[in-house]
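K.L.:
A single structure is presented below for examination.
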Amino acid sequence: MKLIIKGGLVVDPVAGSVLKKDILVVDGKVARIGSNLSVDGAAVIDAAGRLVAPGLIDMHVHLREPGFEAKETIYTGTRAAARGGFTAVACMPNTNPVIDNAALVGSVINSARSGGLVHVYPVGAITRGSRGEELAEMGDMAEAGAVAFSDDGTPVANAGLMRRAMQYAAMLDKPLISHSEEKSLSAGGSMHEGRVSTILGLKGIPACAEEVMVARDILLAEETGCRVHIAHVSTAGSVRLLREARARGVRVSAEATPHHFTLTDEAVMGFDTFTKVNPPLRTEDDLAAVKQGLADGVIDVIATDHAPHTAEEKDVEYERAPFGLAGLETAVGLVWTELVATGVLTPLRAITCMTLNPARILGIPKGALAPGSDADITIIDPALAGVVDPAKFAGKGRNTPFAGRVLKGLPWLTMISGKIVMRGGVLLEENQQQ
Amino acid sequence: MRLRGKDMVGLRNSTAQEIELILNTAEAMKGIVNRQIKKVPTLRGRTVITVFYEASTRTRTSFELAAKYLSADTVGVAAATSSVSKGESLKDTARNIAAMGADVVVLRHPMAGAAELLAGTLKASVINAGDGAHEHPSQGLLDLFTAREKKGRLEGLKVAIIGDIMHSRVARSDIWGYTRMGAEVRLAGPSTLMPKDIEKMGAKVCGNIEEALADADVINVLRIQTERQQQGLFPGLREYSRMFCVNRERLRLAAPDALLMHPGPMNRGIEISPDVADGLQSVITEQVTNGVAVRMALLYLLIGGGAR
């Protein structure tokens, strides 16, 4: 099985280059990267005018399985990922039961192998049941395939326990992903605390609820030497703390979501529950700081925090609605429209934030294109535009505040181990895949 | 002239012309309330349903009387006795009520945005009778009506709102209404009960009650709920009273003919001293009468002859 991707601009985050090259794929692996390749009998994909990147990695998704299959499953979530241009995802452990032991890590991996379309890397819980009381068996989980640990959604409140978790994770050389939220400051809040929350009469979540925990976890990372990754950075203060920590040489990385660099709390005006996310949509200043952090490298990763919910769960009073939006199928379009087209990020930087950087943080053999590597490839068409239509989503969650928005710069083809699974925004059925 | 929307969910979106129209209409309605035979046939055959997810005596009775004086049929649904307690969602409850033929749904709900959620779901007109800490437009309008009736104008008035601004939907509707009509709004209360960036709504935040009361033409004293103390939002009622109670001495700081208002129910001796509450400057009971007139005006403008 041979295939040539011809005439595209090949983005190589390792070399830091964007060059017009051809890629020969043989039997699911990258065989050669060069100029004017031609091989008898090889199928040709015309990538002229398009960017050919290593398969995109979303290191923060909620696949909801087991336990919340009405919201999403590994089957549907990985299809949403493929449609969105991703070839790999790391899934958070806040399922039911919580993924807090090796058997459960194994079961997620097995389900993903049998029903998943993209590669799935489970994140294990830091504490048993994510209850924040005692450490989960991180060693066993690491051996079973967990790539990182997090109590995402229910932050580890006890600083002493978090410190021990970091000491332990450092021994395993696995990163801890910090959902940075001080609950005593955020409790009862459903949006950013500021002008809009005051107008709407909704209880606010102040920026400091995030920043207090970012500061704590940076200090603990510095002391323990553990690699800590700050999830979904949303405030200017967090970006400043990260910048200072990075300058000191602390091993702390960070991610930002497309919604936090696209929308502000103004979007909540009108009480659209699809704008209810945690951390909440912040202000223009915060949004600018997040963009700056992505541009200058203080924030390493763009991740979606894909959090699908059912229509019924979201069709309620704002305070009663669950946090989260479905992000996988709009991420690339938002990155291109909001960051690349506007000159905030170069195409190389944007792709590095979605390939090499998450791969390095998670320690997975992905995120690069070189002879011998798996042919996980995403082709992005910077000229392709479309209107976000949740009815066309492959995922179950249709909870997006971006419906109707025109995005330009969309994923055009997703290839996993040499198999084309998405082309032109449409998933290919099993029998159509090459 | 008529109102632009089918609903009344808040004063934030009302223009000065609309507010004026409502207040003028309420003036005519007050004439009906003051008659011996309080009944006009204007809304005969129309149905007003009040749906209250929070306990309320005054607002609910006021809306029901307003509807009855206009000859509309009224039904009241209380959350505790309805299928709400069986887990039915707000939207489903509302759809069922509307399916029975309601022309107006009056909603009181503990959560902000509930009225907007309904307004977007139902063809019937929705009147927000208070949603969480968001808005309570009919209360705001009756405050404006009372002030205008007594002072002859709203423009240029100095209005002081005292107390728990953070949890007050009345304060928000008042701020929108008064500022839109050209009045100046000052706020005073414990800093822990002052919501962030409220000055961006157009009100002035004062450092103490004396500053807010200085030369004020209208004083609106908000109810302080004891549960806020249990939540740790302020240290205690004794200290609250010492720092923020509107008493005779403080009232002297205001204009000599200042009006004293309270949306009720009052905690006498805590946020307001009894002599002030019952004093000559108090218009608290007139507010209640005016509330009926304002609500009649809203019903009339939304579904009566003046409606779209």
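The values are calculated or read from the model by the stated rules, or taken from the named source; none is laboratory data. Predicted model only: the values in this text are computed from it and were never measured. Positions of Cβ are backbone-derived with ideal geometry, glycine not excepted, and every protein chain shown enters the neighbour counts. The accessibility values were calculated without ligands, DNA or RNA, using every heavy atom of the protein model including side chains. Shrake-Rupley method; radii C 1.70, N 1.55, O 1.52, S 1.80 Å.
K.L.:
With all distinct Cα pairs included, what does the Kirkwood hydrodynamic radius of the range B:1-91 come out to in Å, to one decimal, could you say?
P.N.:
One over the average 1/r among Cα pairs gives 15.3 Å for the range B:1-91.
K.L.:
Peptides A:387-398, A:231-242: what's the order by average Cβ count within 10 Å, highest mean first?
P.N.:
Packing order, densest peptide first, comes out as A:231-242, A:387-398.
K.L.:
Something else now. Take every DSSP beta bridge with both residues inside chain A and express the antiparallel ones as a percent of the total, to the nearest 5.
P.N.:
Antiparallel bridges make up about 55 percent of those DSSP assigns within chain A.
K.L.:
Could you go through the range B:189-196 in sequence order and give the Karplus-derived ³J(HN,Hα) for each residue, using 6.51 cos²θ - 1.76 cosθ + 1.60 with θ = phi - 60°, rounded to whole Hz, and x for Gly and Pro?
P.N.:
Values, residue by residue: x, x, 4, 6, 10, 9, x, 4 Hz.
K.L.:
Now for a different question. Quick query: amide H of A:LYS29 versus all other amide H atoms, modeled in the peptide plane; which residues come in under 5 Å with a sequence gap of 5 or more or a different chain?
P.N.:
A:ALA375
K.L.:
Taking the Cα centre as origin and putting +1 on Lys and Arg beta-carbons and -1 on Asp and Glu beta-carbons, what dipole magnitude results for the protein assembly as shown, to the nearest 20 debye?
P.N.:
The calculated dipole for the protein assembly as shown is roughly 1540 debye.
K.L.:
Could you list the trypsin sites (Lys or Arg not before Pro) in the range B:192-274 that lie in coil according to DSSP, counting only those with at most 14 other Cβ atoms within 10 Å of their Cβ?
P.N.:
Sparse-neighbourhood loop trypsin sites (Lys or Arg not before Pro): B:ARG252.
K.L.:
Taking the Cα centre of the range A:60-115 as origin and charging only Cβ (+1 Lys, Arg; -1 Asp, Glu), how large is the dipole, in debye to the nearest 20?
P.N.:
200
K.L.:
Right, next: How large is the translational diffusion coefficient of the range A:55-362 in µm² per second when you combine the Kirkwood radius over alpha carbon pairs with Stokes-Einstein at 10 °C and 1.306 mPa s?
P.N.:
It comes out at roughly 84 µm²/s.
K.L.:
Please give the average number of partner chain Cβ atoms lying within 10 Å of the Cβ of each residue in B:88-96, rounded to a whole number.
P.N.:
Counting other chains' Cβ atoms within 10 Å and averaging over B:88-96 gives 2.
K.L.:
May I pose another question? Order the peptides A:315-326, A:275-286 from the highest to the lowest mean number of other Cβ atoms within 10 Å of their residues.
P.N.:
Result, highest mean Cβ count within 10 Å first: A:275-286, A:315-326.
K.L.:
Next question. Pick from A:MET59, A:MET354, A:MET171: which is most flexible by mean-square fluctuation in a GNM of chain A where alpha carbon atoms under 10 Å apart are linked?
P.N.:
Maximum among the listed residues: A:MET171.
K.L.:
Oh, and also: Apply 1/(1 + (r/R0)^6) to the Cβ-Cβ distance of B:LYS204 and B:ALA28, taking R0 = 51 Å, and write down the FRET efficiency to the nearest 0.05.
P.N.:
0.90
K.L.:
Quick check on my link table: of A:LYS183/A:LYS396; A:LYS174/A:LYS203; A:LYS203/A:LYS392; A:LYS174/A:LYS276; A:LYS183/B:LYS196; A:LYS29/A:LYS408, which ones sit more than 27 Å apart, alpha carbon to alpha carbon?
P.N.:
A:LYS183/A:LYS396; A:LYS174/A:LYS203; A:LYS203/A:LYS392; A:LYS174/A:LYS276; A:LYS29/A:LYS408
K.L.:
With runs of 4+ DSSP H residues as the only contributors, calculate the mean residue ellipticity of the protein assembly as shown at 222 nm using -39,500 (n - 2.57) per run, divided by the residue total and rounded to the nearest 500.
P.N.:
Value at 222 nm, helices only: -9500 deg cm²/dmol.
K.L.:
Rounded to whole Hz and in sequence order, give me ³J(HN,Hα) for the range B:232-246 from the Karplus expression 6.51 cos²θ - 1.76 cosθ + 1.60, θ = phi - 60°, writing x for Gly and Pro.
P.N.:
x, 7, 8, x, x, 5, 4, 5, 4, 4, 4, 8, 10, 5, 7
K.L.:
Highest mean first, how do A:403-414, B:153-164, A:145-156 rank when packing is the count of other Cβ atoms within 10 Å averaged over residues?
P.N.:
The densest-packed peptide leads the list: A:145-156, B:153-164, A:403-414.
K.L.:
Which whole number gives the average count of other chain Cβ atoms within 10 Å of the Cβ atoms across peptide B:213-221?
P.N.:
0
K.L.:
Also: Please report, to one decimal in angstroms, the Kirkwood hydrodynamic radius of the range A:47-143 built from all distinct Cα-Cα pairs.
P.N.:
Hydrodynamic radius (Kirkwood, Cα pairs) of the range A:47-143 is 13.9 Å.
K.L.:
In whole Hz and in residue order, list the ³J(HN,Hα) couplings for the range A:120-136 that follow from phi through the Karplus curve 6.51 cos²θ - 1.76 cosθ + 1.60, θ = phi - 60°; x for Gly and Pro.
P.N.:
Result, rounded to whole Hz: 10, 10, x, 9, x, 6, 6, 10, 4, x, 6, 8, x, 10, 9, 5, 7.
K.L.:
Using amide H atoms built in the peptide plane, which far-off residues or other-chain residues are under 5 Å from A:MET422 H to H?
P.N.:
Answer set, sorted by chain and number: A:THR414, A:LEU428.
K.L.:
Let me ask something else. Report, by chain and number, residues whose modeled amide H sits under 5 Å from the one on B:ARG186, excluding near sequence neighbours (fewer than 5 apart, same chain).
P.N.:
B:VAL159, B:ALA160, B:ILE161, B:LYS204
K.L.:
Sticking with this one: Please get the size of the charge dipole for the range A:55-362, origin at its Cα centre, with Cβ charges of +1 on Lys and Arg and -1 on Asp and Glu, quoted in debye to the nearest 20.
P.N.:
580
K.L.:
Here's a follow-up. What order do B:HIS167, A:HIS179 take when sorted by accessible area (1.4 Å probe), most exposed first?
P.N.:
B:HIS167, A:HIS179
K.L.:
Per the Kirkwood definition applied to all pairs of different Cα atoms, how many angstroms is the hydrodynamic radius of the protein assembly as shown?
P.N.:
28.3
K.L.:
Then there is this: Taking every residue in A:197-209, how many Cβ atoms of other protein chains lie within 10 Å of its Cβ, on average?
P.N.:
If you average over the peptide's residues, the count of other-chain Cβ atoms is 6.
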